[in-house]
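Everything below concerns the one structure shown next.
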Amino acid sequence: MSQFFQIHPDNPQARLVRQAVDIIRQGGVVVYPTDSAYALGCHIGDKGALDRIRRIRKLDDRHNFTLVCRDLSEISTYARVDNRVYRLLRHRTPGPYTFILKATSEVPRRLLHPKRKTVGLRVPDNRIAAALLEDLGEPLMSVTLIMPGEDLPLIDPYDIRETLEHEVDLVIDGGYCGMEATTVVDLADDLPIVLRAGKGDVAPFED
């Protein structure tokens, strides 16, 4: 049976944030709000938790997970960021974007695209997510909470708890956070490529 925390979207309660991070550190799978939709997250180094998320979402080994980071400097620990990429990221983080970048050796091999050695990274503009990441001190391994066979993410924390109460360790109710996925931009090569148009404005990457 999963735990259920109601965390204030503007003033996250530090006690509940700490408890949520403890669950993550102990190998738990959590549902948490972002600036685009609810997501599933777990500790970056926990293969067991990663496998549980794969089962919940029915994902194959080729699915790209995203590292959800605190800020731009943390992104540069896990991805190769040159001056051109840095300028693009600086104006779009935090925000509803996922960026595909060439990974550094800090990224666990199981998270990499098998051929390109890339990884998705993002910095959400959401206070609960930011508080979790700050307390955790490292990125969350994450995917959007879209159930198998569905096109749109789950949006109601009570429905999420009912659906996943035996599959996850914690559901964080952070209120309504939308149902539109992030915009995904591939920055691994010379020119930006918009792979998915979502909540984030694509215009800056189409010049």
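Name every residue in the stretch 97-117 that is of a type in the set (S, T, N, Q) and surrounded by 22 or more Cβ atoms within 10 Å (Cβ to Cβ), in order of residue number. Can you show your working first?
So the first thing to find is which residues in the stretch 97-117 are of a type in the set (S, T, N, Q), and the list is 98, 104-105.
If the condition is that a residue be of a type in the set (S, T, N, Q) and surrounded by 22 or more Cβ atoms within 10 Å (Cβ to Cβ), then THR98 is the only one that fits.
Among the residues of the stretch 1-25, how many are acidic (Asp, Glu) and outside any loop (DSSP other than H, G, I, E, B)? Spell out the reasoning first.
Restricting attention to the stretch 1-25, the residues satisfying the condition of being acidic (Asp, Glu) are 10, 22.
Then keep just the ones that are outside any loop (DSSP other than H, G, I, E, B); that gives 22.
Within the stretch 1-25, residues that are acidic (Asp, Glu) and outside any loop (DSSP other than H, G, I, E, B) number 1.
Within the stretch 45-58, can one find any residue that is hydrophobic (A, V, I, L, M, F, W, C) and either in contact with a Pro (Cβ under 8 Å, 6 or more places away or on another chain) or not in a helix (DSSP H, G or I) (or both)? Break it down into steps so the answer makes sense when it comes.
Step one: filter the stretch 45-58 for residues hydrophobic (A, V, I, L, M, F, W, C), giving 49-50, 53, 56.
This time we only want the ones that are either in contact with a Pro (Cβ under 8 Å, 6 or more places away or on another chain) or not in a helix (DSSP H, G or I) (or both), so: none.
No, the stretch 45-58 contains no residue that is hydrophobic (A, V, I, L, M, F, W, C) and either in contact with a Pro (Cβ under 8 Å, 6 or more places away or on another chain) or not in a helix (DSSP H, G or I) (or both).
Surrounded by 14 or more Cβ atoms within 10 Å (Cβ to Cβ), outside any helix (DSSP H, G or I) and not hydrophobic (A, V, I, L, M, F, W, C): which single residue out of ARG62, ARG70 fits that description?
On the way: ARG62 fails: surrounded by 14 or more Cβ atoms within 10 Å (Cβ to Cβ).
The match here is ARG70.
Which residue out of PRO124, PRO94 is free of Cβ contacts under 8 Å to residues at least 60 places away in the same chain and under 17 Å from the mean Cα position of the chain (by Cα)?
Values: PRO124 fails: free of Cβ contacts under 8 Å to residues at least 60 places away in the same chain.
Matching residue, one of PRO124, PRO94: PRO94.
Coordinate-derived values only; no laboratory data. Predicted model only: the values in this text are computed from it and were never measured. Every residue, glycine as well, gets a Cβ built from its backbone with ideal geometry; the counts of neighbours run over all protein chains shown.
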